[in-house]
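Reviewing the structure listed below.
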Amino acid sequence: MRKIYLAVLSAAIALTMTACGTISPPVQTAETTTETTTTTDESVLDSAASSEADSIVDAEQVKSDTFMAEFFDSNIKFMDVSTIVTEAMKGSSFENEIDNSNGVNKITLKGSNGGGMIDVLCIDLSQAQIDYDMEYILENFGDYYYGLTSAQMSGITEDDFVSSYRMTSSVISKGKYQRYGSVQKSDGIATQFGYTETYAVLSENKLTVVSGAYLSSDMMERQSFSQLMAKFAENVKY
C-alpha cells in the first residue's frame, strides 16, 4: 500500500509541475478542435483483468512477507553444518575463507578470474510451531534465499540470465527445493559468466539450505562452481 501511495504521489507531483509552465497554453485561434476518446468494453475488461492480476500478486507478496516475518520470529535454532562444509569443499580448486558466525557458514570463494560465495545453514524447526505446510515453507524460504544470493552478483539483472530452473518436490514427511540460473553478460569488450543456485531440504523438522553465486570472466570457472554446488547438494541428507 505504501508503494502504491508513493507511486500516486509521484504522478501527482509530475502533473503539478507540468501545469506550472512546462507546457504553455495554446495561442488563441478562431478554430477549436475537440477530441473524443471512446472507451470500448474490451479495453475496460482488459483493465479490470490487469487490476485483478495485480491484486493477486500483491496479496501473495503480503502472505509471503508475513510468513518470513513469522518464520524468523518463531522458536528456531541453528544447527552445526561444519561436516557438510568440510566434505563438500574437499578437493575444491577455489581459494576459500569460512566464517561460521551467527549460525550460518559463509564461504568466500576466489578463482583466477572471478569470485563468489556460498551460504550453508541448517535450522531446527521442531519447536517453531509454524502453521504452514512443508511445500509452502520450502518454496517461500527457498525463493527468499535465492533472491538474496542472486543479488550478490554485482551489476547483474534478470535480463542477463540465459537459463533458469525451479523445482519443489515432497514425499510423505520430507521435501526438497532447487532453483538455479546461469548468466552470460557482454559489454562488447569482455564477457561475464555467472551461476547462482539455492538447494534446500526439509526433513525430520530440519531445514538445510545451501545457496551460492559465482561470477567470472572464465566459463570453466562457472562450470567448476556449479559442480561444487552439486557436491554440497550430495552432502545434504534427504
> Counting only protein chains, not ligands or nucleic acids, how are F161, F141 ordered by accessible area (probe 1.4 Å), most first?
Replying inline: F161, F141
> What list of ³J(HN,Hα) values in whole Hz, one per residue of region 74-83 in order, does the Karplus curve 6.51 cos²θ - 1.76 cosθ + 1.60 (θ = phi - 60°) give from phi, with Gly and Pro shown as x?
Replying inline: 8, 7, 9, 9, 7, 9, 6, 10, 4, 5
> If you take the beta carbon distance between A190 and Q223 as r and set R0 to 22 Å, what does 1/(1 + (r/R0)^6) give as a FRET efficiency, to the nearest 0.05?
Replying inline: 0.75
> Can you give the extra length, in nm with one decimal, that the chain gains between D131 and D99 once fully stretched, where that is 0.36 nm per residue apart less the Cα-Cα distance?
Replying inline: 8.3 nm
> Modelled label-to-label distance, K106 and S164, 7 Å Cα→beta-carbon offset: nm?
Replying inline: 2.6
>> Taking the full set of protein chains and a 1.4 angstrom probe, give the accessible area of D131 in square angstrom, rounded to the nearest 10.
In response: 140
> Of the heavy-atom accessible surface of region 145-238 (probe 1.4 angstrom), what whole percent is carbon and sulfur?
Replying inline: 47
> How much solvent-accessible surface does M89 expose, in Å² to the nearest 10, with a 1.4 Å probe and all protein chains in place?
Replying inline: 30
> Going toward the positive end of the dipole of region 165-238, with +1 on Lys and Arg Cβ and -1 on Asp and Glu Cβ, which of Y195, V236, A213 do you reach last?
Replying inline: V236
> Can you give the accessible area per residue of region 123-198, in Å², using a 1.4 Å probe?
Replying inline: 56
> In the full protein assembly as shown, how much of L148 is accessible to a 1.4 Å probe, in Å² to the nearest 10?
Replying inline: 80
> Between K174 and E87, what length comes free when the chain is fully extended (0.36 nm per residue of separation minus the Cα-Cα distance, one decimal in nm)?
Replying inline: 29.0 nm
> Could you sort S92, S154 by accessible area so the largest value comes first, with the probe set to 1.4 Å?
Replying inline: S154, S92
> For region 225-231, in order, what is each residue's ³J(HN,Hα) by Karplus, 6.51 cos²θ - 1.76 cosθ + 1.60 with θ = phi - 60°, in whole Hz (x at glycine and Pro)?
Replying inline: 5, 5, 5, 5, 4, 5, 5
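The values are calculated or read from the model by the stated rules, or taken from the named source; none is laboratory data. Values in this document were obtained by computation on a predicted structure and should not be read as measured data. We place every Cβ from the backbone using ideal geometry, glycine too, and count neighbours over all the protein chains shown. Only protein heavy atoms, including side chains, enter the accessible area calculation; ligands, DNA and RNA are left aside. Shrake-Rupley method; radii C 1.70, N 1.55, O 1.52, S 1.80 Å.
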